[in-house]
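Here's the structure we're looking at; comments come further down.
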Amino acid sequence: MPIRKEWLEFTPQNVAAVTDKDGVYELGDADKNVIFIRGTANLRPTLQENLADTEPCLKKAKFFRFEEVFMYTMRESELIQQHMRLNKKLPECNEEII
């Protein structure tokens, strides 16, 4: 099951409103295509790091969505597997950053 939340603009203001709990998030490009999937023990600081990242691939991120989930590593794997089933490849930035 994909993340069922609406896409939010990937801005410092929107990221500042995110919880600091465990969870997963997706970054989307200008067309809201998923380019990065990650699980983390602390959503807000991790998203803030992504905003400041100079990695060219992450600079393409214009939108994000997230969900709180305690078992974030399992959920991250599930989302990546779903993406691969649908697209036959990893999200673009997951490929480049690995």
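Observations on the model:
- Dipole magnitude for the chain: computed about the Cα centre from +1 point charges on Lys and Arg Cβ and -1 point charges on Asp and Glu Cβ, it is near 260 debye.
- Gyration tensor verdict on segment 2-56 (Cα atoms; rounded if a/c is under 1.5, prolate if a/b is larger than b/c, oblate otherwise): rounded
- Peptides 52-64, 2-14 ranked from most to least packed, by the mean per-residue count of other Cβ atoms within 10 Å: 52-64, 2-14.
- Length available on full extension from Met71 to Glu96: 0.36 nm per residue minus the Cα-Cα distance, which gives 6.5 nm.
- Overall form of segment 1-95 per C-alpha gyration tensor (a/c, 1.5; a/b vs b/c): oblate
- Cα-based Lys pair tally, the chain, threshold under 16 Å, eight or more apart or on separate chains: 5
- From most to least packed by mean Cβ count within 10 Å, the peptides 25-35, 77-87 give 25-35, 77-87.
- Taking a ≥ b ≥ c as the square roots of the eigenvalues of the Cα gyration tensor, segment 30-86 is oblate, since a/c reaches 1.5 or more and a/b is not larger than b/c.
- Once C-alpha pairs closer than 8 Å and six or more residues apart are averaged by separation and normalised to the residue number of the chain, the relative contact order reads 35 percent.
- A Förster radius of 30 Å combined with the Cβ-Cβ distance from Glu49 to Lys88 puts the calculated FRET efficiency at roughly 0.55.
Bear in mind that the values in this text are calculations on the coordinates, not laboratory data. Since we're looking at a predicted model, the values are computed, not measured. So basically every Cβ, Gly included, is an ideal-geometry build from the backbone, and we count neighbours across all protein chains shown.
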